[in-house]
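Everything below concerns the one structure shown next.
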Amino acid sequence: RDEMAQLAEEFNQLTDRLQTTEEVRRRFVSDASHELKTPLASIRLLADSILQTEGMDPAVARDFVSDIGSEAERLTRITEHLLALTRLDSLPAGKQFPVDVSQVTERVVGRLQPVADAAGVEVERSLKPDCVILCTEDDLSQICFNLVENAIKYNYSGGRVFVSAYQDGDQVLLEVGDTGVGIPEEDLPKVFNRFYRVDKARSRAAGGTGLGLSIVRDMVRRHGGWVTARPRNPEGSLFTVGFPRYVPEAGGKGEAQ
Ligand code: ADP
């Protein structure tokens, strides 16, 4: 009897888990459709206005066409992020190699320098040597890119971003801090959720999709790491990513890329 009761209990738990997974999937599809519908509706509206306004001022028409272009760009970004998430769900991680976090971060910060300049944000770095982990370079670049881009995006003109990589015992830590708008305490646990945004208007204006941090979390996890978000003292936010440090076996191969 006890065995039957235990079996029934396990069966119930399994059904609950399946139901939860199904609900998460359904919510994701519904959220994704909503996100795609909004720019599509704008494009429709703008195109209709151009078609229906007799003798429209060419300057106004040009503005509308440029808005259509921005909305199309937004659709591209959303679909790219959705595809990235689907790939993370369905494909195994690529072959891992020893990668130096400091070197990859240096390159990513270089790529984002023009964005920081345009936003009037200064990026300071402290990248220590020998921060090698097992990862794929593409994933590590994407993780770093999303965090640094956010630190620039959710910042003020004249603000600063601090990027550091260093060894901490048997881990390598990548920290991205900023003096920006900060994240309210109650939102902190939710920022890694799909489509979650603290300030929807600001995210939208900055070209956000609400998916950047969930991509970061999924990528970090599949390489055995963790990521946290907390307030930075005295202002702004601090994101920390930790990975197991790669220690080459004696006499083994494995040069950092
Ligand atoms: P988005 O595409 O909207 O930037 P993300 O998944 O990258 O989406 O981030 C989710 C939300 O978390 C953002 O909309 C923003 O509200 C908040 N956020 C992320 N990074 C920061 C940061 N460095 N400072 C303040 N808020 C941030």
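The values are calculated or read from the model by the stated rules, or taken from the named source; none is laboratory data. Quick caveat: nothing in here was measured; it's all calculated off a predicted structure. Counting neighbours? That spans all protein chains shown, and the Cβs are built from the backbone with ideal geometry, glycine included.
The single condition from (1) within 12 Å of the ligand (Cβ to nearest atom); (2) more than 17 Å from the chain's Cα centre (by Cα) that GLN142 fails is (2). Could you tell me whether any residue of the stretch 79-86 is surrounded by 20 or more Cβ atoms within 10 Å (Cβ to Cβ) and within 16 Å of the chain's Cα centre (by Cα)? Looking for residues that are surrounded by 20 or more Cβ atoms within 10 Å (Cβ to Cβ) and within 16 Å of the chain's Cα centre (by Cα), one finds at least one in the stretch 79-86, hence yes. For the stretch 181-207, filtering for residues that are in a helix (DSSP H, G or I) and either near the ligand (Cβ under 6 Å from one of its atoms) or on the phi > 0 side of the Ramachandran plot (or both) leaves 1.
Residues in the stretch 24-51 that are within 23 Å of the chain's Cα centre (by Cα) and free of Cβ contacts under 8 Å to residues at least 24 places away in the same chain: VAL24, ARG25, ARG26, ARG27, VAL29, SER30, SER33, HIS34, LYS37, THR38. If the condition is being more than 11 Å from LEU147 (Cα to Cα), within 15 Å of the ligand (Cβ to nearest atom) and surrounded by fewer than 20 Cβ atoms within 10 Å (Cβ to Cβ), then the stretch 233-246 contributes ASN233, PRO234, GLU235. Restricting to the stretch 208-232, name every residue that is part of a strand (DSSP E or B), among the aliphatic types (A, V, I, L, M) and more than 10 Å from the ligand (Cβ to nearest atom). The one that is part of a strand (DSSP E or B), among the aliphatic types (A, V, I, L, M) and more than 10 Å from the ligand (Cβ to nearest atom): VAL227. Note on the stretch 87-132: residues that are of a type in the set (Gly, Ala, Ser) and surrounded by 16 or more Cβ atoms within 10 Å (Cβ to Cβ) total 3. When the stretch 73-96 is filtered for residues that are over 29 Å from ALA205 (Cα atoms), of a type in the set (S, T, N, Q) and at pLDDT below 90, only SER90 remains. Sub-8 Å Cβ pairs linking a first residue in the stretch 93-108 that is farther than 20 Å from VAL247 by Cα to a second residue that is aromatic (Phe, Trp, Tyr), at least 6 apart or interchain, are VAL108/PHE145, ordered by first then second residue. Taking residues in the stretch 182-203 that are free of Cβ contacts under 8 Å to residues at least 40 places away in the same chain and over 18 Å from GLU149 (Cα atoms), and partners anywhere that are near the ligand (Cβ under 7 Å from one of its atoms) and among the aromatic types (Phe, Trp, Tyr), the pairs with Cβ atoms closer than 7 Å and at least 6 places apart or on different chains are LYS190/TYR196.
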